[in-house]
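The values are calculated or read from the model by the stated rules, or taken from the named source; none is laboratory data. All values derive from a computational prediction rather than experimental measurement. Don't worry about glycine lacking a Cβ; one is built from the backbone with ideal geometry, like all the others, and counts go over all protein chains shown. The accessibility values were calculated without ligands, DNA or RNA, using every heavy atom of the protein model including side chains. Shrake-Rupley method; radii C 1.70, N 1.55, O 1.52, S 1.80 Å.
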Amino acid sequence: MSIAFGNPDRPNSYIGKTVPRPNAEKLVQGRGRYVDDITLPRMVHVAFVRAPLAHARIIGIDAEAARAVKGVLRVFTGADLAEVCTPWVGVLAHLKGLKSPPQHALAVDRACWVGEPVVAVVATTRAAAEEAATLVEVDYDPLPAVTDTMTALDADTPVIHPDLGDNLAFRRLHEEGDVDAALANAHKVVSARFRTARHTGVTLEPRSILVDWNPAEGQMTAYHATQAPHMMQTVLATHLGIPESRVRVICGDVGGSYGIKVHVYPDEVATAAISRVMARPVKFVADRLESFTSDIHARDHEIEARIAVAEDGKILAIDVDDWTGIGPYSVYPRTSAIEGNQVVNLCGGPYDFANYRAQTTVVFQNKAPTCQYRAVGHPIAVAITEGLVDMAAAAIGMDPVEIRRRNMYADDAYPVTSPAKMRFEGLSHHASMNKLMEMIDYDALRADQEEARKQGKHRGIGIASFIELTNPSPFMYGIGGARISAQDGCTVRMDPDGSVVALSGVTEQGQGTEAMLSQVVAEGVGVTPDKVRIITGDTQVTPYGGGTWASRGAGIGGEAALQAARALRGSILEVAASMLQADAAKLDIRAGQVVDADSGEERMPLEELGRIVYFRGDTLPKDLPRELVQTRHFITMDYPFAFTNGVQASYLEVDTDTGVVTLLKHWCVEDCGRVINPQLVDEQIRGGIVQGLGGALYEEIHYDEDGQLLNGSMADYLVPMAGEMPDMQIGHVETPTGESELGAKGAGEAGTAGAPAAVMNAINDALRPLGAQVTEMPFTPERILRALGKIDD
Amino acid sequence: MTKVFSDKVDIALTVNGEPVEGRVPAGQHLVDFLRQTLGLTGAHASCEHGVCGACTLRVDGQAVRGCLMLAAQADGAEVWTVEGLTEQGSSRDLQQAFVARNALQCGFCTPGMIVAVEDLLARGGVPSRAEIREHLSGNYCRCTGYEAIVDAVEGVAQARAGKGAA
Ligand code: FES
Ligand code: FES
């Protein structure tokens with residue numbers, strides 16, 4: 001029996017409703033349990049001495065003074081930890097040619113970026129460990145630092161890892177159709193140079209891990225702020241030489257992750273290695289400067305791109321040359337080539353055109369490593385594509401909405417394969433655009449813009465259509481050899497009191513995973529959501545799964561939960577049918593009661609069924625199955641990824657005297673398939689938009705040419721604050737995926753994917769009459785004034 | 001050990017209505033004393049230099065950054081944390097509004113937000129959305145995009161004002 005999603009009055013209709021998050025109450029009461037809130041007996045603290053130079057040979061380490069600090073127990077060097085912890089290499093087989101050198105938990109003889117951990121100091125208090133760390137003297141021999149992406153491959157640039165031959169980590173060229181011919185024959189060709197700044201996640205909770213190796217049990221327990229506990233289990237086991245079954249990773253409350261907490265960090269592995277050596281609990285919580293210098297960075301791209309259009313606005317070709325610098329190592333195990341690869345996969349995404357060429361060049365440099373961060377590659381690809389489309393529209397005098405309508409895949413065209421060879425099962429670009437136009441009242445907005453201009457105010461409207469990659473299959477990581485599960489599982493059981501417990505391999509990072517799972521399970525079994533308890537984030541307890549990344553929680557974890565819940569419903573009804581001498585097919589479970597499916601008449605509460613099964617099983621027929629526990633796994637098979645689509649609009653005002661941009665309003669229409677919890681989806685999108693707005697207007701990690709990080713504090717790396725952000729209106733179109741019964745795709749990255757492009761286009765819409773254009777993010781007052789010719793030094 | 005950490009100071013203060021005594025390192029911050037010594041882990045440490053507001057506490061009626069104030073400076077003070085506000089029930093409506101409006105995701109900023117919002121609401125009246133946004137501009141939230149928080153605060157301000165008038 002499948003669920004009649006179309007009928008909002010169906011019994012147990014929790015999927016599609018706003019149901020409150022079961023775990024929100026404890027967080028507003030300050031009763032959350034983040035890693036730093038956990039204290040274990042005999043626990044010690046580790047602080048790291050980090051490289052002050054971007055590239056240097058380590059000549060000697062003198063820890064005398066540090067050891068003398070009261071409370072200090074041990075000091076570990078890279079050589080010490082290399083004895084207990086093997087290095088790793090961040091490559092994947094399907095990213096052909098990707099190379100990276102072995103990386104150690106602590107730098108052994110060479111430090112390659114400012115912030116790389118070099119020495120670990122362990123003490124009974126964090127204050128003592130930090131104090132002693134400042135007293136460790138490391139003797140460095142400086143080496144030349146490579147910091148510029150575009151010259152990293154030049155013959156006279158030093159090679160960071162001589163063993164690798166050059167500074168090229170990865171390059172991929174994708175070509176479809178005949179781009180050169182299309183460019184040569186087009187009515188108009190528009191080119192532009194785009195730049196996206198280096199960002200970092202700035203999770204409010206810093207990276208945190210508490211590892212407890214108990215030699216008596218031969219077991220390691222890691223309390224870890226992570227998105228992927230099972231992946232970390234494998235990583236710790238592999239590199240510390242412990243059987244995988246003897247590593248337990250527990251992920252409780254996590255204070256924000258956005259992709260930052262899905263990677264393997266040397267200091268975290270070092271913490272585990274130290275616990276292994278000291279046989280006691282060791283805690284590491286990064287301080288804010290450490291977060292800026294050692295959390296992954298992302299989005300440091302420079303792009304040359306061209307678009308060719310016909311007179312009628314049809315896109316004839318897109319040509320993209322993308323460069324990115326990833327730091328000295330490709331990050332393990334997801335690699336740092338994925339972002340550039342995504343740019344190649346995603347450019348031109350919404351549009352039906354024939355000739356496409358894109359190349360990404362990924363180079364090493366002596367800065368913090370970059371890796372996957374919320375909306376991996378999307379903000380870059382969308383900025384390139386939507387920037388070019390707007391410029392083309394302006395060049396041929398066409399309305400930006402009209403040019404998009406002329407090129408977007410028709411809503412009935414699916415399935416289609418894009419020129420980037422991405423397969424789309426079903427998208428809704430036109431329906432989404434139509435909805436957006438209604439929401440923003442496009443004509444009225446244009447009239448307002450016109451009116452404002454008469455008063456000397458420069459307002460702009462920016463539109464950005466986009467696609468978003470969600471629900472990844474093993475094509476993302478698994479086929480490349482990484483032990484990262486694309487499958488996820490859920491175990492659902494009914495306890496004697498008729499309540500339901502669901503254990504899931506996906507994790508909660510604040511996006512509402514537990515609420516989503518509770519309503520899916522409630523509907524699947526036939527109980528109210530408050531009767532469902534969700535358990536996530538414990539590798540010893542939950543089914544094996546991939547965790548939470550690439551917007552897979554609802555689409556994959558949710559479907560596994562639905563199937564497990566439906567299976568449990570079947571087992572309950574089988575027992576009920578026997579007890580009631582009825583036909584199981586004629587019974588249903590509604591709000592915790594076994595009922596007659598047709599009349600709705602109550603036959604038996606679940607607690608009664610539970611009482612009989614668990615305590616008076618003797619009264620049931622001997623051969624009657626009574627398995628009130630069911631587990632199901634789900635993996636997508638038909639498509640490598642479930643693409644979603646959407647479109648955003650930004651309305652803003654540019655002060656041409658100061659260069660300051662004021663965001664007036666922001667809109668997003670998103671098609672993430674079946675919406676399980678409208679409020680949670682909307683808030684994911686809003687949060688994502690604001691992260692995108694940060695990238696568009698404020699966020700930029702600055703390094704000098706020697707590789708020194710210049711703005712490693714929250715006061716200097718600007719992120720959006722409440723006062724600067726607009727209200728955001730969110731709308732939906734629902735095109736469920738046919739790969740699952742639930743039909744859900746992901747929604748976690750849509751906001752971040754499209755917002756920067758929408759803002760860029762809005763600023764350029766405002767500036768166009770003044771003959772100015774910006775393409776280098778963030779769009780700071782200075783850059784805007786430069787574009788206006790008001791600063792030219 | 002440097003002097004600032006080795007020197008100990010005796011303090012006596014009231015925390016969430018209960019008398020507390022302690023001997024604290026001279027350099028220890030109030031938020032660390034509350035978290036590490038008293039086990040009050042509701043207030044969080046994030047930037048540790050007064051920018052993000054995650055550590056916001058109420059000290060002698062004022063919203064204060066627990067990462068800037070030393071524990072030694074709190075000698076004789078009356079300190080309230082989110083745990084105390086919860087027990088006392090004075091922020092019940094605000095907490096419920098945060099849950100109902102999903103004005104939190106990871107929740108790491110939330111205890112500081114609650115204290116900061118109470119500071120605004122204590123001034124009485126119904127602040128405009130712009131005033132709410134302005135007041136919260138020292139409290140950083142990376143998850144929500146702020147709109148849901150503004151909605152929740154606006155709703156509670158209106159409800160409290162309505163009750164006051166009735
Ligand atoms: S931790 Fe105190 S303001 Fe950020
Ligand atoms: S809810 Fe995560 S930082 Fe505010």
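How big is Rg to Rh over the range A:447-572, alpha-carbon atoms, Rh as the Kirkwood inverse-mean-distance radius?
Working: Rg = 21.1 Å, Rh = 16.7 Å.
Radius of gyration over Kirkwood radius for the range A:447-572 works out to 1.26.
Any idea what the relative contact order of the range B:91-160 is, in percent, if you count C-alpha pairs under 8 Å spaced at least 6 apart?
Numbers: 63 pairs, mean separation 35.0, N = 70.
After rounding, I find 50 percent.
Which residue, A:Ser191, A:Tyr223, A:Thr147, has the largest displacement toward the positive end of the dipole of the range A:97-246 when charges sit on each Cβ (Lys, Arg +1; Asp, Glu -1)?
In the range A:97-246, that residue is A:Ser191.
May I ask for the percentage of alpha-carbon pairs in the range B:8-81 that lie more than 16 Å from each other?
On the way: 1039 of 2701 pairs.
Tail fraction, whole percent: 38.
Over the heavy atoms of A:Thr737, what accessible area does a 1.4 Å probe trace out, to the nearest 10 Å²?
Here the residue's solvent-accessible area equals roughly 10 Å².
Once the principal axes of the Cα atoms of chain B are found, what is the range along each, listed largest first in whole angstroms?
53, 33, 22
Looking at the P(r) of the range B:91-160, how many percent of alpha-carbon pairs lie beyond 16 Å? Write out the running numbers ahead of the final one.
Working: 856 of 2415 pairs.
That fraction is 35 percent.
Using a 1.4 angstrom probe on heavy atoms only, work out the carbon and sulfur share of the accessible area of the range B:8-81 in %.
On the way: 1320 of 2990 Å².
Exposed carbon and sulfur together represent 44 percent of the surface.
Using a 1.4 Å probe over the heavy atoms of the protein chains, calculate the carbon and sulfur portion of the accessible area of the range A:171-327 as a whole percent.
Working: 1840 of 4110 Å².
After summing per-atom areas, the C and S share lands at 45 percent.
State the extension gain, in nm to one decimal, for the chain segment bounded by A:Arg193 and A:Lys457, taking 0.36 nm per residue of separation less the distance between their alpha-carbons.
On the way: separation 264, 0.36 × 264 = 95.04 nm, distance 2.74 nm.
Computed gain between A:Arg193 and A:Lys457 is 92.3 nm.
Note the full-extension length gain between A:Ala79 and A:Arg57 as 0.36 nm times their separation in residues minus their Cα-Cα distance, in nm to one decimal.
Working: separation 22, 0.36 × 22 = 7.92 nm, distance 1.39 nm.
Full-extension gain reported as 6.5 nm.
Using alpha carbons only, how many angstrom separate the centre of the range B:88-127 from the centre of the range A:213-242?
37
With a 1.4 Å probe and all protein chains left in place, how much of the accessible area of the range B:91-160 comes from carbon and sulfur atoms, in whole percent? All intermediate terms of the calculation are to be shown ahead of the outcome.
Numbers: 1010 of 1940 Å².
Looking at the range B:91-160 in its full context, I get 52 percent from C and S.
Cα convex hull of the range A:579-655: mean projected area in nm², to one decimal? Before the final figure, lay out each step's value.
On the way: hull surface 49.8 nm².
Average projection, Cα convex hull of the range A:579-655: 12.4 nm².
Report the accessible surface area buried between chains A and B, summing both sides, using a 1.4 Å probe on protein heavy atoms only, in Å² rounded to the nearest 100.
On the way: alone 28070 and 8510 Å², together 32370 Å².
Counting both chains, the buried surface is close to 4200 Å².
I'd like to compare A:760-770, A:51-61, A:593-603, A:370-380: which one has the highest average count of other Cβ atoms within 10 Å, and what's the full order after that? Mind showing how you got there, number by number?
Working: A:760-770: 21.8, A:51-61: 18.8, A:593-603: 15.0, A:370-380: 28.4.
Top of the packing list down: A:370-380, A:760-770, A:51-61, A:593-603.
Ignoring ligands and nucleic acids, what accessible area does A:His430 show with a 1.4 Å probe (Å², nearest 10)?
That residue has around 40 Å² of solvent-accessible surface.
Volume per residue, Å³, of the convex hull around the alpha-carbon atoms of the range A:267-336?
Details: hull volume 10.1 nm³, N = 70.
For the range A:267-336, the hull spanned by Cα atoms encloses 145 Å³ per residue.
Of all the Cα-Cα pairs you can form in the range A:624-676, what percent are over 15 Å apart?
Here the tail beyond 15 Å accounts for 74 percent of pairs.
In Å, what is the Rg of the alpha-carbon atoms in the protein assembly as shown, and how long is Dmax?
Using the Cα atoms of the protein assembly as shown, the pair Rg, Dmax is 28.2, 90 Å.
At 1.4 Å probe radius, can you tell me the per residue accessible area of the protein assembly as shown in Å²?
Details: 32370 Å² over 959 residues.
For the protein assembly as shown, the solvent-accessible area averages 34 Å² per residue.
Sum -39500 (n - 2.57) across every DSSP H segment of at least 4 residues in chain A, then divide by the residue count to get the 222 nm mean residue ellipticity, nearest 500. Write out the running numbers ahead of the final one.
Numbers: 19 runs with 213 residues, N = 793.
So the calculated ellipticity at 222 nm is -8000 deg cm²/dmol.
Please list A:Leu388, A:Leu664 from largest to smallest accessible area, probe radius 1.4 Å, with all protein chains kept in place. All intermediate terms of the calculation are to be shown ahead of the outcome.
On the way: A:Leu388 0, A:Leu664 65 Å².
Solvent-accessible surface, decreasing: A:Leu664, A:Leu388.
Count neighbours as other Cβ atoms within 10 Å of each site's Cβ, and list the GluC sites (Glu not before Pro) in the range A:647-724 that are DSSP loop with at most 15 such neighbours. Please report the intermediate quantities before stating the final value.
Values: sites: A:Glu653, A:Glu670, A:Glu683, A:Glu699, A:Glu700, A:Glu705, A:Glu724; in loops: A:Glu699, A:Glu700, A:Glu705.
Sparse-neighbourhood loop GluC sites (Glu not before Pro): A:Glu705.
I want the local charge near A:Tyr265. Using Cβ-Cβ distances under 15 Å, sum +1 for each Lys or Arg and -1 for each Asp or Glu among the other residues.
Working: positive: A:Arg50, A:Arg207, A:Lys261, A:Lys283, A:Arg334; negative: A:Glu116, A:Glu205, A:Asp267, A:Glu268, A:Asp287, A:Glu290, A:Asp295.
In short, -2.
Counting only protein heavy atoms, probe 1.4 Å: which residues of the range A:704-735 lose 10 Å² or more of accessible surface in the full assembly compared with their chain by itself?
Buried on complex formation: A:Ser713, A:Met714, A:Ala715, A:Val719, A:Pro720, A:Met721, A:Ala722, A:Gly723, A:Met725, A:Asp727, A:Met728.
Using only helices, what value at 222 nm comes out for chain B when you add -39,500 (n - 2.57) per DSSP H run of length 4 or more and divide by the total residues, to the nearest 500 deg cm²/dmol?
Values: 6 runs with 58 residues, N = 166.
So the helix-based figure for chain B works out to -10000 deg cm²/dmol.
Express the C-alpha Rg of the range A:662-793 as a ratio against the empirical globular expectation 2.2 N^0.38 Å, rounded to two decimals. Could you put the intermediate results ahead of the total?
Values: Rg = 18.0 Å, N = 132, 2.2 N^0.38 = 14.1 Å.
Relative to the 2.2 N^0.38 Å estimate, the range A:662-793 comes out at 1.28.
Please provide three numbers in whole Å: the alpha-carbon extents of the range A:355-424 along the principal axes, with the largest listed first.
Result for the range A:355-424: principal-axis Cα extents of 44, 31, 24 Å.
Which whole-number percent gives the relative contact order of the range A:98-226, counting Cα pairs below 8 Å spaced six or more residues apart? Please report the intermediate quantities before stating the final value.
Values: 68 pairs, mean separation 19.2, N = 129.
Relative contact order of the range A:98-226: 15 percent.
Residues with beta-carbon under 12 Å from that of A:Arg248, excluding A:Arg248: net charge, scoring Lys, Arg +1 and Asp, Glu -1? Don't skip to the answer; put the middle values down first.
Working: positive: A:Arg246; negative: A:Asp212, A:Glu217, A:Glu244, A:Asp538.
Cβ neighbours under 12 Å give a net charge of -3.
Can you give the relative contact order of chain A as a percent, counting alpha carbon pairs under 8 Å and 6+ residues apart? Before the final figure, lay out the partial values.
Values: 2040 pairs, mean separation 122.5, N = 793.
Reported relative contact order: 15 percent.
With a 1.4 Å probe and all protein chains kept in place, how much accessible area does A:Glu451 have, in Å² rounded to the nearest 10?
90
Nothing charged except the Cβ atoms of Lys and Arg (+1) and of Asp and Glu (-1): what's the magnitude of the dipole of the protein assembly as shown about its Cα centre? Round to the nearest 20 debye. Spell out each step's value before the answer.
Numbers: 85 positive and 123 negative charges, 268 e Å.
Using only the charged Cβ atoms, the result is roughly 1280 debye.
Looking at chain A, do any whole DSSP H helices span at least 15 angstrom along their long axis by alpha carbon and average -0.5 or above on Kyte-Doolittle, and which? Provide the component values of the computation, followed by the final result.
Numbers: long enough: A:229-240 (16 Å, 0.37); A:266-278 (18 Å, 0.43); A:378-396 (27 Å, 1.34); A:429-440 (16 Å, -0.19); A:442-454 (18 Å, -1.73); A:513-525 (18 Å, 0.73); A:558-580 (32 Å, 0.72); A:678-697 (28 Å, 0.25); A:750-767 (26 Å, 0.74).
Helices passing the filter in chain A: A:229-240, A:266-278, A:378-396, A:429-440, A:513-525, A:558-580, A:678-697, A:750-767.
Mind checking B:155-162 for the average number of partner chain beta-carbons within 10 Å of each residue's beta-carbon?
For peptide B:155-162, the averaged partner shielding equals 0.
Springs between alpha-carbon atoms under 10 Å, Gaussian network over chain B: tell me which of B:Gly107, B:Gly66, B:Gly53 tops the mean-square fluctuations.
B:Gly107
Please report the net charge: other residues with Cβ closer than 9 Å to the Cβ of A:Tyr717, K and R +1, D and E -1.
Details: positive: none; negative: A:Glu699, A:Glu700, A:Asp716.
For residues surrounding A:Tyr717, the net value is -3.
Under 1.5 on a/c is rounded, so check that first for the range A:277-426, then, if it is not, pick prolate when a/b is larger than b/c and oblate when it is not; a ≥ b ≥ c are the square roots of the alpha carbon gyration tensor eigenvalues.
Working: a/c = 2.84, a/b = 2.33, b/c = 1.22.
Judged from the Cα gyration tensor, the range A:277-426 comes out prolate (a/c at least 1.5, a/b above b/c).
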